[in-house]
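The values are calculated or read from the model by the stated rules, or taken from the named source; none is laboratory data. As the structure is a prediction and not an experimental result, all values here were calculated from the model. Heads up, the Cβs are rebuilt from the backbone with ideal geometry, glycines too, and the neighbour counts pull from every protein chain shown. Only protein heavy atoms, including side chains, enter the accessible area calculation; ligands, DNA and RNA are left aside. Shrake-Rupley method; radii C 1.70, N 1.55, O 1.52, S 1.80 Å.
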Amino acid sequence: FQDATVISHLMALLSRSRYTQEYICQIFSHCCKGPDHQTILFNHGAVQNIAHLLVSTSYKVRMQALKCFSVLAFENPQVSMTLVNVSVDGELLPQIFVKMLQRDKPIEMQLTSAKCLTSMCRAGAIRTDDSCIVLKTLPCLVRMCSKERLLEERVEGAETLAYLIETDVELQRIASITDHLIVMLADYFKYPSSVSAITDIKRLDHDLKHAHELRQAAFKLYASLGANDEDIRKKIIETENMMDRIVNGLSESSIKVRLAAVRCLHSLSRSVQQLRTSFQDHAVWKPLMKVLQNAPNEILVVASSTLCNLLLEFSPSKEPILESGAIELLCSLTQSENLALRVNGIWALMNVAFQAEQKIKSDILRGLSTEQLFQLLSDSDVNVLMKTLGLLRNLLSTRPHIDHIMSTHGKQIMQAVTLILEGEHNIEVKEQTLCILANIADGTTAKELIMTNDDILQKIKYYMSHSNAKLQLAAMFCISNLIWNEEEGSQERQDKLRDMGIVDILHKLSQSSDPNLCDKAKTALQQYLA
């Protein structure tokens, strides 16, 4: 790849003999590492030059050409989209690949053509409900996971299947009921088997070498299978010793197995039911917290996503996790250079703050520091910003908490709110920010921070007449909370807002065609009449 002439020279040699065909395809598939190499080969006409070799009379040439395509198309939409429309002797490539999938073909050929079709499907070149995927590729890959296959084939079959079904619910459902796949995968954890212990040293060596690859593949496939469907998750968790296997996987020496185990745990942690039962019975949070102490980023990202789920308010693990020092850990994640870790850190804190007691809220504010909160509110990533606003909104709920937090951090929070409402932000961000203001307006003493801030009052007024109904509604919540009758000082607040022209806007909105706006405006006007 260093010298561009090498590739064109090899392409020119392809037609010499069946040996040059076989070996050059082999060289290409071995040397092609990553998207840059794929593009170079693609631009040198690899697809056109190699396609006709798929119908060669020599099995070895067909096989090497097929391998070459599986390497070229892997995670590469450009190549995959091209392959769909290439035909050889009047037959389209996907049809040729499907023929190579058939049970009477050698396993190596079945697996490799399944990989080609999988790449094309993931790239969107073939639909997920196309019969060549549902009736051919998926069943072929499930067959590769069975006990009859060699360990290497079972690893490759499971990993490819995990990739094929990763983002498609329907394929996950079909795979889960094909050939008892969920039970079949449990067998992946039984190597090296005790039977082969002394009798066959060579076999033991082979089993040991593949044991962690098998576990990694099984975890990956379980993660894909359980990504969306509650019933599938239940079946996975009810498979023999599954939770123990995951817990053991979290502390394995092999980083790849650890990552796959965390992925599997993350997938299963999307289930409310399992968070309340299996996750609690097996105290999964302990090994998970351990993983979070010192792991490379790719593991940290998945582990912290899992922790977000374990910290939801209905999760029984929430308490013990917080007692083991999670807030400090999460606050440090929000300072990470890695975007996904910042998002997860703040997201988890948002979950922790939801309906939390005041002590926990104070711990979060102490752990984050005002500087860090501002840093996050000015983060260039909209996800970080939204989650930080979500955290603030959760911190500023229930009156005593609102008043307490605003008495200590009021000035800075009002400053942040002003900055965001003035900035170039999308509707969702501004809506969240107005909701935070509405929460502040619900405080007893905190209200005054809004009432004495004419700049903010003008902004609320501006959003009441905004073109977007969501922002109008959010602004109206602020006004309603400020003018509510039963509260001390409501008369003065009503008068001040009337002088600003708020009542005129409310009259206008009470004629609105939007029923939500209309109702909210009428309710607010009643406060003035009462």
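When the stretch 96-153 is limited to residues that are closer than 23 Å to residue 53 by Cα and among the polar types (S, T, N, Q), the one that is most open to solvent (accessible area, probe 1.4 Å) turns out to be 102. Listed by first and then second residue, the pairs with beta-carbon distance under 6 Å, at least 6 apart or on different chains, first residue in the stretch 228-253 and in a loop (DSSP other than H, G, I, E, B), second surrounded by fewer than 16 Cβ atoms within 10 Å (Cβ to Cβ) and at pLDDT 90 or above, are 228/169. Contact map, the stretch 1-26: first residue among the acidic types (Asp, Glu), second residue open to solvent by 40 Å² or more (accessible area, probe 1.4 Å), Cβ cut-off under 6 Å, separation 6 or more or different chains; pairs are 22/60. Filtering the stretch 341-372 to residues that are within 15 Å of residue 319 (Cβ to Cβ) and modelled with pLDDT under 90 leaves nothing.
Restricting 342, 393, 366 to residues that are loosely packed, with under 14 Cβ neighbours inside 10 Å and not hydrophobic (A, V, I, L, M, F, W, C) narrows the list to 366.
For residues in the stretch 273-285 being farther than 14 Å from residue 329 by Cβ and in a helix (DSSP H, G or I), which is farthest from the chain's Cα centre (by Cα)? Per the stated criteria, the residue is 281.
State all residues of the stretch 154-192 that are touching a Cys at 6+ places or on another chain (Cβ under 6 Å), closer than 21 Å to residue 238 by Cα and open to solvent by less than 10 Å² (accessible area, probe 1.4 Å); if no residue qualifies, say none. Of everything in the stretch 154-192, just one residue is touching a Cys at 6+ places or on another chain (Cβ under 6 Å), closer than 21 Å to residue 238 by Cα and open to solvent by less than 10 Å² (accessible area, probe 1.4 Å), namely 158. Within the bounds of the stretch 30-39, is there any residue that is more than 23 Å from residue 92 (Cβ to Cβ), open to solvent by 50 Å² or more (accessible area, probe 1.4 Å), over 31 Å from the mean Cα position of the chain (by Cα) and of a type in the set (A, V, I, L, M, F, W, C)? Yes: one or more hits. Restricting the stretch 54-76 to residues that are over 36 Å from the mean Cα position of the chain (by Cα) and β-branched (Val, Ile, Thr) leaves a set whose member that is farthest from residue 35 (Cα to Cα) is 57. Checking the structure you have, find out if any residue of the stretch 266-285 is free of Cβ contacts under 8 Å to residues at least 24 places away in the same chain and either β-branched (Val, Ile, Thr) or crowded, with 23+ Cβ neighbours inside 10 Å (or both). Yes, because at least one residue in the stretch 266-285 is free of Cβ contacts under 8 Å to residues at least 24 places away in the same chain and either β-branched (Val, Ile, Thr) or crowded, with 23+ Cβ neighbours inside 10 Å (or both). Picking from residues in the stretch 373-390 that are more than 13 Å from residue 419 (Cβ to Cβ) and open to solvent by 10 Å² or more (accessible area, probe 1.4 Å), the one that is modelled with the lowest pLDDT is 380.
Suppose the filter is over 35 Å from the mean Cα position of the chain (by Cα), open to solvent by 10 Å² or more (accessible area, probe 1.4 Å) and not β-branched (Val, Ile, Thr); does residue 468 pass it? No; evaluated as a whole, the condition is false for this residue.
This table checks each residue for (1) among the hydroxyl-bearing types (Ser, Thr, Tyr); (2) under 23 Å from residue 122 (Cβ atoms).
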| position | (1), (2) |
| --- | --- |
| 9 | no, no |
| 18 | no, no |
| 32 | no, yes |
| 70 | yes, yes |
| 82 | yes, yes |
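Please verify whether the stretch 209-216 includes one or more residues that are out of contact with any strand residue (DSSP E or B) (no Cβ under 6 Å at 6 or more places or on another chain) and farther than 16 Å from residue 156 by Cα. For the stretch 209-216, residues out of contact with any strand residue (DSSP E or B) (no Cβ under 6 Å at 6 or more places or on another chain) and farther than 16 Å from residue 156 by Cα: absent.
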